[in-house]
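Peer 1: Input: one structure, supplied below.
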Amino acid sequence: MSSRKIFVAIDLKSFYASVECRERNLAPMGVNPVVADKSRTAKTICLAVSPALKSFGVAGIARLFEAKKVWK
């Protein structure tokens, strides 16, 4: 019996942002979606940040107020 194991890691954060775009008939690469619960405080952690926003310096685990600074 082989003791070799294979592990797979999948980053779903951008996936969630893309799903939200598709739900709204938006092109995922043409907009900068952030998935977060806006009914909570501005310090809530974003569930998903688009790759485009990440390229502007928004961290993958950004707080909502941090993400808003980039697109305002």
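Peer 1: May I ask you to list the residues in region 17-29 that are in contact with a strand residue (DSSP E or B) (Cβ under 9 Å, 6 or more places away or on another chain) and either acidic (Asp, Glu) or surrounded by fewer than 16 Cβ atoms within 10 Å (Cβ to Cβ) (or both)?
Peer 2: Val19, Glu20
Peer 1: While we're here: Considering only residues of region 1-16 that are exposed (fewer than 15 other Cβ atoms within 10 Å of the Cβ) and not aliphatic (A, V, I, L, M), which is nearest to the chain's Cα centre (by Cα)?
Peer 2: Phe15
Peer 1: Mind checking which residues of region 61-72 are touching a residue at least 12 places away in the same chain (Cβ under 8 Å), in a loop (DSSP other than H, G, I, E, B) and exposed (fewer than 14 other Cβ atoms within 10 Å of the Cβ)?
Peer 2: Listed by number, the list holds a single entry, Ile61.
Peer 1: Now a separate question. Limited to region 40-54, what total is found for residues that are among the basic types (Lys, Arg) and under 9 Å from the mean Cα position of the chain (by Cα)?
Peer 2: 1
Peer 1: Right, something else. What number of residues in region 1-57 are in a loop (DSSP other than H, G, I, E, B), of a type in the set (Gly, Ala, Ser) and at negative phi?
Peer 2: Result for region 1-57: 9.
Just so you know, all these numbers are worked out from the coordinates, no wet-lab data involved. The shown structure was predicted, so the numbers you read here are calculated from the model rather than taken from an experiment. Note that we place each Cβ from the backbone using ideal geometry, even for glycine, and neighbour counts take in every protein chain shown.
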